[in-house]
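Presented below is the structure to which this report refers.
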Amino acid sequence: MPDSLPVSLPAIEAHRDDVYHRRPQLRLHSVDDAARWIDAVGFAFVFSTRDFEMPTLWNAVDGSRRPGPSHLREHSVGLVWDWKDKLPVQRRVFYAKLLRAKPMLVSLHYAPYFYALTENFGDPEDYLAEYEAGTLTLEAKKVYEALLAHGQAASTGVLRRASGLEGKGNVSRFDRAIAQLQRSMKIAKVGISDANRWGYSYVYDLLPRAFPQIPEQARALGRRESMAALLRQHLQNVGAVPTRQVSRLFEWDVPTAERLVGDLAEQGVARGAVDGLADDCLAWLPAFR
């Protein structure tokens with residue numbers, strides 16, 4: 001069993017209250033506040049998830065520890081929905097389902113680290129190698145090629161028609177294709193369109209067209225360096241978290257996480273037991289000194 005870390009569960013929760021803005025006096029009041037907060041935490045889920053520890057826009061807007069709203073008509077819910085759309089449209093953050101298929105917002109500083117962990121090299125033709133290797137589905141290939149041929153950003157309605165995935169029978173296939181393209185950072189949400197029967201749909205563009213700085217900056221980053229940067233920021237946010245949860249969140253095996261802890265040990269990352277949390281945790285010790 002690992003040695004105990006000099007960290008208490010109440011101290012961890014207090015740290016999260018500050019970082020997540022889970023205090024009434026710290027709640028976000030404007031989209032500018034939200035942009036600054038995303039820049040500070042690096043990356044966050046939009047709404048809470050019970051499975052993984054992570055800052056959420058919901059908690060920062062609500063200024064509380066509540067795991068979620070009591071009903072969808074709450075004022076905080078409206079702000080979250082509004083800002084999670086406005087921020088990527090304004091190119092102030094990157095929006096995608098990068099971790100555990102959960103909607104999240106990523107600062108433009110940390111997006112290149114995520115990009116460096118993909119199979120992309122910043123070329124619009126990157127997708128062909130993944131399709132030939134069997135890691136990109138046919139539906140994702142069709143949607144990507146439809147967007148590539150369109151030459152500019154396009155709404156989901158346009159992409160459904162152009163990719164041949166119209167109709168009720170293709171809804172789930174199209175949605176899975178979009179999710180895969182988002183997660184592999186090939187496309188980016190860049191707008192909202194009212195050109196459908198519900199008056200609300202996303203607009204996507206190729207990531208290198210929408211955020212050219214992301215692949216450009218990622219070229220200078222190594223894979224291990226990027227993983228270490230993401231782990232360090234995550235631990236700075238959460239304070240301490242079970243090691244296996246980190247492995248599941250980022251989809252890294254435990255030996256990889258262990259190597260990264262070694263890389264970051266001099267900066268303050270440690271591994272050990274935390275009473276009341278787990279017998280094997282990773283912690284950011286400078287938060288508790």
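Descriptive notes on the structure:
For (1) surrounded by 15 or more Cβ atoms within 10 Å (Cβ to Cβ); (2) modelled with pLDDT under 95; (3) among the basic types (Lys, Arg); (4) in a loop (DSSP other than H, G, I, E, B), each residue gets a yes or a no:
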position	(1), (2), (3), (4)
Pro103	yes, yes, no, no
Pro112	yes, no, no, no
Asn120	yes, yes, no, yes
Lys141	yes, no, yes, no
Tyr144	yes, no, no, no
Leu147	yes, no, no, no
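- Restricting segment 190-211 to residues that are at pLDDT below 95 and charged (D, E, K, R) leaves a set whose member that is farthest from Glu251 (Cα to Cα) is Arg197.
- Within segment 72-84, considering residues that are assigned to a helix (DSSP H, G or I) and either open to solvent by 10 Å² or more (accessible area, probe 1.4 Å) or of a type outside the set (Val, Ile, Thr) (or both), the one nearest to Arg27 (Cα to Cα): Ser76
- Helices (runs of 4 or more DSSP H) within segment 1-70 that include 2 or more residues out of contact with any strand residue (DSSP E or B) (no Cβ under 6 Å at 6 or more places or on another chain), within 17 Å of Trp83 (Cβ to Cβ) and of a type outside the set (Ser, Thr, Tyr): 31-41, 57-62
- Where a residue in segment 29-49 is at positive phi and free of Cβ contacts under 8 Å to residues at least 40 places away in the same chain and its partner, wherever it lies, is surrounded by fewer than 16 Cβ atoms within 10 Å (Cβ to Cβ) and assigned to a loop (DSSP other than H, G, I, E, B), with Cβ under 6 Å and at least six apart: none
Residue by residue, here is whether (1) within 27 Å of Asp175 (Cα to Cα); (2) in contact with a helix residue (DSSP H, G or I) (Cβ under 9 Å, 6 or more places away or on another chain); (3) open to solvent by 50 Å² or more (accessible area, probe 1.4 Å) holds:
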position: Pro10; (1), (2), (3): no, no, yes
position: Ala14; (1), (2), (3): no, no, no
position: Asp18; (1), (2), (3): no, yes, yes
position: Asp32; (1), (2), (3): no, no, yes
position: Ala40; (1), (2), (3): no, yes, yes
position: Val46; (1), (2), (3): yes, yes, no
position: Asp51; (1), (2), (3): yes, yes, yes
position: Ser70; (1), (2), (3): no, no, yes
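- Scanning segment 18-30 finds no residues that are among the acidic types (Asp, Glu) and within 17 Å of Arg232 (Cβ to Cβ).
The values are calculated or read from the model by the stated rules, or taken from the named source; none is laboratory data. All values reported here derive from a predicted model rather than from experimental measurement. As a convention, Cβ positions derive from the backbone with ideal geometry for all residues, glycine included, and neighbour counts pool all protein chains shown. Side chains are part of the model used for accessible areas, which takes the heavy atoms of the whole protein and leaves out ligands, DNA and RNA. Shrake-Rupley method; radii C 1.70, N 1.55, O 1.52, S 1.80 Å.
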